[in-house]
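Asker: Have a look at the structure that comes next, please.
The values are calculated or read from the model by the stated rules, or taken from the named source; none is laboratory data. Here the structure is a predicted model, which is why all the values come from computation and not from measurement. Using ideal geometry, Cβ is built from the backbone for each residue, glycine included, and neighbour counts are taken over all protein chains shown. The protein model used for the area step is the full one, side chains on, heavy atoms only, and it has no ligands, DNA or RNA in it. Shrake-Rupley method; radii C 1.70, N 1.55, O 1.52, S 1.80 Å.
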Amino acid sequence: MALMLYCMTITSSAFARNIRVKTGIEVLKESNFKILQGKRVGLITNPTGVDNDLKSTIDILHEAPGVQLVALYGPEHGVRGDVHAGDKIDSFTDSNTGVPVYSLYGATRKPSKEMLNGVDILVYDIQDIGCRSYTYISTMYLAMQAAAENDIEFVVLDRPNPLSGLKVEGNLVEEGFVSFVSQLRIPYIYGLTCGELAEMIIGEQMISRPCKLTVVKMKKWRRKMNFEDTGLPWVPTSPHIPFSHSAFFYPVSGILGELGYMSIGVGYTLPFEMFAAEWINAEEFARTLNAKQLPGVIFRPIHLKPYYSVGQGQDFQGVQIYLTDFFSARLSDIQFHVMEVSAQLYPDRKVFERAPENRFNMFDKVCGSDFIRLEFSKNHRFADIQSYWTKDEKSFRLLSKKYYLYR
């Protein structure tokens, strides 16, 4: 009986949530799909494109009266989420709807003229995680370019930024470091919804020719909300972002993770939530990091054996990160403090003296500059790069307010 009650509690907490927000697809449904009536629709989406009852936007638009869904476009991981990170995918036909699916993570990352043939309006419905290096916003940007070049309307069905609309961290991308993981000149954590970001792309002329943009706004979302405040169901945005709180940790360790220098929990049960290596003493490492008294963060010693990826099958020690105050914590700074403490405690393990040089290029792309790596390498101190990492945050906050759609 106790076990049954426990299972019922788990089921209730997992599914019967108090949903407070209506996403763009919910608002579009309420309008009886007014802006899509009589039009041939192309949809850019993936498994995160669902309504509040977890029904796919693909199926919703396919069944919507007066709407003709004629094409689907899949970003990294594909429209149905059946592709692993980094894997290239080909075009095919969606088995549920019979609609052709074009890959935007294969031979091209920008919809070609041929892919858009017969499309009147492009709809974008993907849950992002609020971090520049996550590739879905790059897909949106390139699709907006293609829409402009082919005189096609562009619609964003807006969704929450899981990190809230208040957090801004990191420098802007420098010229020469624009890539698919840093496509836009925005901070690493940018504090906008996808709809707001799309408005900024047009307003700040980030594309040479503007497309006709419509953002279907959410209802009842507020900037102070992180994802768990919305009550919305979470669909994994990629295999290593299985839970809504996983999005909080992606910027905590993702930059360092590009180096393959230590485990960040990818390959274990705590993706992005830890730092560990075979040469770390867990208690010593946690004690030294906690002595820094970083706001909103506590480090717990952890012992583990990764199942795959960095350290597969090896005995690792390190720290698990606990965010005790989400809003006071500087998420992206944490990994730089970890790099500093690693060099301090284990001088023969300094990150840029030990990490494979062939990983430096991706590290620089994710940082949006090589300054971080080059300057940090001199003394392995966060203080040496801190002013650079934070230099654009205040001005971006001021600029982005022009594009706020929510209070």
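Asker: Taking the options Asn32, Asn46, name whichever one is buried (at least 17 other Cβ atoms within 10 Å of the Cβ), modelled with pLDDT of 95 or more and among the polar types (S, T, N, Q).
Answerer: After applying the criteria, what remains is Asn46.
Asker: Determine which single condition Ser95 fails, assuming it passes every other condition in (1) in contact with a strand residue (DSSP E or B) (Cβ under 8 Å, 6 or more places away or on another chain); (2) at pLDDT 80 or above.
Answerer: Going through the list (1) in contact with a strand residue (DSSP E or B) (Cβ under 8 Å, 6 or more places away or on another chain); (2) at pLDDT 80 or above, Ser95 breaks only (1).
Asker: With the checklist (1) in contact (Cβ under 8 Å) with a residue 40 or more places away in the chain; (2) over 17 Å from Asp158 (Cα atoms); (3) part of a strand (DSSP E or B) in hand, flag the one item Tyr102 doesn't pass.
Answerer: Failed condition: (1).
Asker: Okay, next question. Taking the criterion of being in contact with a Ser or Thr (Cβ under 6 Å, 6 or more places away or on another chain), assigned to a strand (DSSP E or B) and either of a type outside the set (Phe, Trp, Tyr) or in contact (Cβ under 8 Å) with a residue 60 or more places away in the chain (or both), would at least one residue in segment 216-230 satisfy it?
Answerer: The answer is no; no qualifying residue exists.
Asker: All but one of (1) over 22 Å from Lys39 (Cβ atoms); (2) free of Cβ contacts under 8 Å to residues at least 40 places away in the same chain; (3) not hydrophobic (A, V, I, L, M, F, W, C) hold for Gln127; state the number of the condition that does not hold.
Answerer: Failed condition: (2).
Asker: A further question on this structure: Go through segment 235-250 and count every residue that is in contact (Cβ under 8 Å) with a residue 12 or more places away in the chain and either farther than 16 Å from Phe327 by Cα or among the polar types (S, T, N, Q) (or both).
Answerer: Residues of segment 235-250 in contact (Cβ under 8 Å) with a residue 12 or more places away in the chain: 235-242, 244-250.
Applying the additional criterion that residues be either farther than 16 Å from Phe327 by Cα or among the polar types (S, T, N, Q) (or both) yields 235-242, 244, 246.
Number of matching residues: 10.
Asker: Go through (1) open to solvent by 30 Å² or more (accessible area, probe 1.4 Å); (2) assigned to a loop (DSSP other than H, G, I, E, B); (3) touching a strand residue (DSSP E or B) at 6+ places or on another chain (Cβ under 6 Å) one by one and return the number of the condition Ile280 breaks.
Answerer: If we test Ile280 against (1) open to solvent by 30 Å² or more (accessible area, probe 1.4 Å); (2) assigned to a loop (DSSP other than H, G, I, E, B); (3) touching a strand residue (DSSP E or B) at 6+ places or on another chain (Cβ under 6 Å), just (1) comes out false.
Asker: Here are the criteria: (1) at pLDDT 95 or above; (2) surrounded by 13 or more Cβ atoms within 10 Å (Cβ to Cβ). Tell me which single one Arg20 does not satisfy.
Answerer: Unmet for Arg20, out of (1) at pLDDT 95 or above; (2) surrounded by 13 or more Cβ atoms within 10 Å (Cβ to Cβ): (1).
Asker: When segment 170-205 is examined, which residues are found to be under 13 Å from the mean Cα position of the chain (by Cα) and of a type in the set (Ser, Thr, Tyr)?
Answerer: Ser182, Tyr188, Tyr190, Thr193
Asker: Kindly state which helices (runs of 4 or more DSSP H) lie completely within segment 288-407 and contain at least 1 residues that are open to solvent by 80 Å² or more (accessible area, probe 1.4 Å) and over 13 Å from Leu256 (Cα atoms).
Answerer: Output list reads 333-345, 351-354, 371-379, 383-390, 393-400.
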